[in-house]
1. Please report B:Val210, B:Val142, B:Val123 as a ranked list, fewest other C-beta atoms within 10 angstrom at the top and most at the bottom.
2. Quick one: A:Ser215, A:Ser147, fewest Cβ neighbours within 10 Å first, how do they rank?
3. Would you kindly compute the Cα radius of gyration of segment B:138-263 and its largest Cα-Cα separation (Dmax), both in Å?
4. Rank these for me by crowding, B:Lys399, A:Lys291, going from fewest to most other beta carbons within 10 Å.
5. Expressed as a fraction of 2.2 N^0.38 Å, the rule-of-thumb size for a compact globular protein of N residues, what is the C-alpha radius of gyration of the protein assembly as shown?
6. Beta carbons within 10 angstrom, averaged per residue: use that to sort the peptides A:19-31, B:31-43, highest first.
7. Going toward the positive end of the dipole of segment B:179-268, with +1 on Lys and Arg Cβ and -1 on Asp and Glu Cβ, which of B:Pro183, B:Gly214, B:Ala197 do you reach last?
8. Loop-only check: which chymotrypsin sites (Phe, Trp or Tyr not before Pro) in segment B:305-368 are DSSP coil with at most 16 other Cβ within 10 angstrom?
Amino acid sequence: MASLVDLLGASAGNVFRIRFHGRGGQGIKLGARALGSAFFAEGFEVQDAPRYGAERRGAPIAAYVRAGRAPIHERGPIREADLVVVADESLIPVATAGVLEGIAPASVLLVNGLTSAETWRERLRLRGPIATLPPAPASAGAPPAGSACAGAAARLVGAISRAALEGALREEVAPLGARAVEASVALALHAFDLMAPHAGSVVEGEAPRLAALPSPNWIDLPRELPDVAAPDVFASATSVEVRTGLWRTARPVLDPDRCHRCSWICSSFCPDGAISAGAEGLPAFDYDHCKGCLVCVAVCPSHAIRAVAEADAEGPREAAR
Amino acid sequence: MSRRLLTGNAAAAWGARLARIDYAPAFPITPQTEILEALGGWIEAGELDAKLVLLESEHSMIAAAGAAAATGVRVFTATSSQGLLYGMEMVFTVSGWRAPFVLVNVSRGLATPITLEPDHTDVLAARDSGFLQIHCATSQEVLDSVLLAYRFGEDPRVRLPVIVNLDGFHLSFTREPVEIPTPEAVDAFLPPFDAGAVRFRASHPVSQAVAVLGSGPYSYFRYETHLAAQGALCVYDEAAAAFARACGREWPAVEAYRCDDAELAFFLIGSLATRARDAVDRLREAGVRAGLVRPRLLRPYPAAAIARALEGVLAVAVVDQNLSMGKGGVLHAELASALWGAPGAPRALVSFIGGLGGRSVTLEEFREMAEIALRAGREGRTPPPRLLYTAEELREVRKLQAIAHGERAALATEGRS
């Protein structure tokens, strides 16, 4: 009979710690689950979890996979990862996404995007291995980035067979329908094959040595008066401060020749107040705060507003401050 | 028996499914909603023969749960945080009806400020309600505890509703391997609810919630509920033994990990316990005789089992993932009252507040807590309670405050112009 000690397991040994970064809607949760299931099929003890708050599509989210030969006792966010998977390269410069947090010299960075590994190495001054994965085209019903990243990560850790990866994808994508399953499997296996030169480059982190850890930098919280210590926010200012333009995957772009100058329509429908009437009655977009919902594209009577993928757009994601 | 990856939420739903629930009143709230979605999916697919009804609030949901339980059917419901508080009037009311059911609470910190991440101040607000409470550390424990909760809550000697608690995010959304027991094993452990006298029917009206004038009847009914809760301790032990026979897993009221020769013990509840085990193992490797005591049952309070587990321990580091404003950690105060005057009780109980709003407690913090508690035990001087909070965390808050105060100044200037 299993005792409580057996159930929770003895001391943890080496553990793969893998952190995924992406945007809401790119299939990061699904990708992490697929990788977790593939590890599990290979006989690993596994823990996987997404992390998100009240954000919406396009906002930065993360997911975590831990896998080892003994039951996993850690929980919550992974700070020091053996592999960091970035499903959307535009997140790397976004400080709040925390993509580069806790990257050690031995950590492997996998970036889904067109920028070369050499460019990233130079720009980020990273010494560790960097692998890049060319982005897959959008396909039938499956968020492509998550599946492709799961496939690439499976090859990088070296402990997962092609068959285990495929089985895991089939299981996790099944609720999205047969077409999505086939598309996801194809994407994941293609990415798995592309990563052959880097197979097994991710090394499991060792259990930390207690004596080597620094003392926590605890402080005594000072007692402060309520005009400092009450959690007040001032909406009219805070909404300006939060650059929700970072969440956008596509932006509205105006064709002034087709615009009828009825900017009260697009500006009224904009749920974020990110459209104002500009010069000569033409609508002006506030790209610092436009989240890319594209309601304006849908309501424009003269079809003067079109959606442009953020990767193809001219100009910065948010205005320079 | 099959082993698969399940989130804490999915494990809770599996517990309800294997318990063959009849009725699930529901109201959505993050991070609990997936539990009721899973049940709804199974009912839709014909895999679970139960009725799920969406109510208009948690207040109505808990009233419906109690009323349905009073008809003698098996009832399951779930909520979290602000939802539990919104239903709190009914939480206290229905326990007195003596109609048992199971409520899964997915712990999430309370407003203000509002958060989505876990701590235990929500479920501890129901501490004095008459609901019994089981606190879980793993997804496996969530599934098994739902089954245990029905068995001991429905026992004719108890007849009280039970809260099964799991932590938001750290368990609710985290998948880990879970063994799903066979329906046959569960059926042998948990027969259909034998309602006995609990059979409210429309054709036989009964008032479940009488008003009393005078303290005699009031004290009688209140104290009877208390006695039933206390008596549930030995009923729980019987249920846990029966569960071990049926399903092969032991879930004692109090987990004592590596405590036999321990000089130092951590004392905490919930999913932080797996990290604490890790810390105990590391400390043992470093030559510190460390252990962990974790009450799974918080109501009824297993005082005797806790005192036994801590016998001979020099110092205890109590980690409260909750905060009673103006007092401090709830577990610390309860432990102190349980151990006061007990022979062989630890010399020092040091209070730490950690994990508020889902804050991680790191390995080095466990090491530091162990050192502080051991020093207190050796010197016979207990330091004041300590919030686990670093200079870096305060620095982040200062950045936010700089923005907020700048905004206030800007708005004040606008207002004047």
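Coordinate-derived values only; no laboratory data. This is a predicted model, so every value here is computed, not measured. Counting neighbours? That spans all protein chains shown, and the Cβs are built from the backbone with ideal geometry, glycine included.
1. Numbers: B:Val210 9, B:Val142 32, B:Val123 28.
Starting with the residue having the fewest Cβ neighbours, the order is B:Val210, B:Val123, B:Val142.
2. Values: A:Ser215 10, A:Ser147 31.
Arranged by neighbour count, lowest to highest, A:Ser215, A:Ser147 become A:Ser215, A:Ser147.
3. 18.5, 62
4. B:Lys399, A:Lys291
5. Values: Rg = 27.6 Å, N = 738, 2.2 N^0.38 = 27.1 Å.
Against the empirical 2.2 N^0.38 Å value, I get 1.02 for the protein assembly as shown.
6. Details: A:19-31: 25.5, B:31-43: 21.2.
Ranked from most to least packed, the peptides come out as A:19-31, B:31-43.
7. B:Gly214
8. On the way: sites: B:Trp340, B:Phe352, B:Phe366; in loops: B:Trp340.
Within segment B:305-368, the qualifying chymotrypsin sites (Phe, Trp or Tyr not before Pro) (loop, at most 16 other Cβ atoms within 10 Å) are B:Trp340.
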